[in-house]
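Worksheet: one structure, shown below.
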Amino acid sequence: MNKPYNHTKATMALAKASFRSIMRSPSAVVFTLAFPLVFILVFGFLGKGGLKVDLAIAPGSDLHNPIIMALEENPVVHLVRDKDAAEIKTGLEKGNIDGLINVQKNTTEKPAYKANVAYTSASMDKGNVLKSVIHNLMYSLNSKDVMPTVAELNESTVQGRIYRTIDFILPGQLGFSLLSTGVFGTAFVFFNLRQTLVIKRFFATPVRKSSIVFGEGIARIGFALLGAVFIILIGHFFFHFTLVHGAVTVINMLLLAIIGLIVFMGFGFVVSGIAKSESTIPPISNIITLPQFLLSGTFFSIDAFPSWLQPISRALPLTYLNDAMRKVAFEGAGLWDVKHQILIMVIWGICIYAVAVKVFKWE
Amino acid sequence: MDNTNAIISVKNLVKKYDDFTAVQGISFDVYENEIFGLLGPNGAGKTTTLEIIETLREKTSGEILVDGYDVDKDANKIKRIIGVQLQAAGYYPNLNLVELMELFSGLYGVDINPMEMLEKVNLQDKAKAKYKALSGGQKQRFSIATTLINAPKIIFLDEPTTGLDPQARRNLWDLIIEIRKNGTTVVITTHYMDEAEQLCDRVAFVERGEIIALDTPDNLIDQLISTGFERKKEVKKANLEDVFIQLTGKEWREDN
């Protein structure tokens, strides 16, 4: 009895209990793991395709000639055969087909073939790609046996890191997973513990309030980090997610994840304090998470947003977490290189915890 | 055993809420190793009084000593020597009884064997069950087990038998008597007078935030009889509850 009370032991007992509870809670597992994984799988497979241009061959076109053969071997061009003129016309109008080619043998002496190509205004971007593909192809076909008179072109590509869709999508999903587990998880747990008098029972023991908050925080961070490692490893081994410095990069990402999660948990504390009933938690949490989900560059780069929207995007904490994660993972930046992003997250953290201290309720 | 050694002493306790006085200057002592009952209608101030002694609620004025510790100065020392069972308290979700016991042993900072604690309240068969899946009687027994973790000097039980069937109620009485036998002081609130008469060494009647009577159940009954009170109906040697117990058995049941 005279042995001094051990606050660390109490905190760890709470962390252990909370961790067990989270692991058995279906919603936590779904939000932290399943949800981001589904998006990663979808975009992972989408990203493998790359750019494809659909080029229809006109009915009646000559098929056995060097032009068609060269197009067949081109990785960008997908040749569409066996369509009649009417189908091709609607295809071109809708932009499902990006161009039409008609090759005819030349009856007069030279050149041997004539190729008529039609583009469509319904698909200008791909039309331009097609245009340069065909120009290149014609140039190499025509100059095959000719010595250049002015200069010979020698082309080569520097072998760089390939920026895949996964390199963009995975950090965004990771950030969103941290946001939802931080906000929803924390809000529900503290609201329920308060509502079911679990916290009141805790107060009848010598435990400190800070131990309850820290214990809960440790468990949530532990769980979120497990989720993050899982997502990163799946992304790396199945979809070639780029980790420039391997394990060091993963550790940097996890440190960023901790900072982000602590900020997001602050939102959770605020929500648990202002929610009047359990059913008001999801709408309030969604007000916090949805705009960040859409505007923080989870799916698209915020550079693609209209300029009036960009300042809003640049005010949200998830934007900076996503940004920092991408820099660390793909560019191999260290934490010091993303100090600007970290600083903004810390400022958000200070503000949100100042609010949380005011609105959080224990009873 | 020295029966007049006060382990809890409450002097002029007042608790005011904004527009309403829940407790208006009550004083009483609880003696070491007795079972002390707080009786009275709902809203009389029993739970408020208990929660102030348990250091869960601030008082407006008055003086309370628990085993020599002042509730104002030594709340944490008091928490270490008392066990508290709250009315309708919940437990951490998704955990089984053993895990909840481990959690509480961490919260109290003591090392216990969870199974031994569960055996004390005859819940060893439910070790892997969730709190939610327990019956009313099992829930109350589990609640009491969590109050015993820190080997407290005093335990507080707030309406532990409300909503239980007669067998479960009697099982709980046996458990409470057992706990007292091990040297623990018990403070209990209840709405059942037969329970108070069976269990309590002394009872206090609380009404509108004041104590209107405090004595042993025997003396209180004698006092009433001495005023010429008589029951309208001649009391038989058994009552309907005795019939219930005789018909359905007194043994511990799987579900209570």
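Each reported figure results from applying straightforward, stated rules to the coordinates on display, with no laboratory input. No experiment lies behind these values; they were computed from the predicted model shown. Every residue, glycine among them, receives a Cβ derived from its backbone with ideal geometry; neighbour counts consider all protein chains shown.
Of note:
- Average Cα contact separation per residue, chain B, under 8 Å, 6 or more apart, as relative contact order %: 25 percent
- q = 0.07, 0.11, 0.13, 0.15 Å⁻¹: log10 I(q)/I(0) that the Debye formula gives for chain B, counting C-alpha atoms only: -0.26, -0.64, -0.89, -1.15
- Cross-link partners of residue A:52 among lysines, defined as those whose alpha carbon lies under 23 angstrom from its own and excluding same-chain residues fewer than eight positions apart: A:83, A:89, A:94, A:126, A:131.
- Among B:241, B:102, B:210, residue whose mean-square fluctuation peaks in a GNM of chain B (springs only between Cα atoms under 10 Å): B:241
- On the basis of the beta-carbon distance and an R0 of 30 Å, residue B:212 and residue B:239 show a calculated FRET efficiency of 0.65.
- Reach of residue A:110 by Cα under 19 Å, taken over lysines that are not fewer than 8 positions away in the same chain: A:144
- Relative contact order (percent, whole number), the stretch B:3-142, Cα cutoff 8 Å, 6+ residue spacing: 19 percent
- Rounded to 5, percent antiparallel among DSSP beta bridges of the stretch A:51-141: 50 percent
- Cβ crowding within 10 Å averaged over residues, with A:212-224, A:6-18 ranked highest first: A:212-224, A:6-18
- Sequence of B:17, B:192 once ranked by neighbouring C-beta atoms within 10 Å, starting from the fewest: B:17, B:192
- Using a Förster distance of 25 Å, the FRET efficiency for residue A:8-residue A:354 (Cβ separation, nearest 0.05): 0.40
- Chain B: most fluctuating residue of B:81, B:212, B:26 per GNM, C-alpha cutoff 10 Å: B:212
- When each of A:209/B:139; A:209/B:11; A:200/B:120; B:79/B:153; B:46/B:153 is checked by Cα-Cα distance, pairs over 18 Å: A:209/B:139; A:209/B:11; A:200/B:120; B:46/B:153
- Fully extended contour minus Cα-Cα distance, from residue A:309 to residue A:85, at 0.36 nm per residue: 76.2 nm
- Helix A:124-142 axis, angle to chain A major axis (alpha carbon atoms, nearest 10°): 40 degrees
- The slack between residue A:125 and residue A:238, meaning 0.36 nm per residue of separation minus the straight C-alpha distance, is 37.6 nm.
- Compared with the direct C-alpha span, the chain from residue A:210 to residue A:118 gains 26.0 nm at full extension, assuming 0.36 nm per residue.
- Those aspartates and glutamates that a straight Cα-Cα span of less than 14 Å connects to residue A:327, excepting residues fewer than 8 apart in one chain: A:167, A:337
- Taking every alpha-carbon pair under 8 Å whose residues sit at least 6 apart, the stretch B:125-206 reaches a relative contact order of 31 percent.
- Kirkwood hydrodynamic radius (C-alpha pairs) into Stokes-Einstein, the protein assembly as shown, 20 °C and 1.002 mPa s, D in µm²/s: 70 µm²/s
- When chain A is treated as a Gaussian network with alpha carbon springs shorter than 10 Å, the biggest mean-square fluctuation among A:333, A:122, A:257 belongs to A:122.
- When exposed loop sites are taken as trypsin sites (Lys or Arg not before Pro) in a DSSP loop with at most 13 other Cβ atoms within 10 Å, the longest stretch of chain B clear of them is B:129-230.
- On the basis of the beta-carbon distance and an R0 of 30 Å, residue B:128 and residue B:177 show a calculated FRET efficiency of 0.55.
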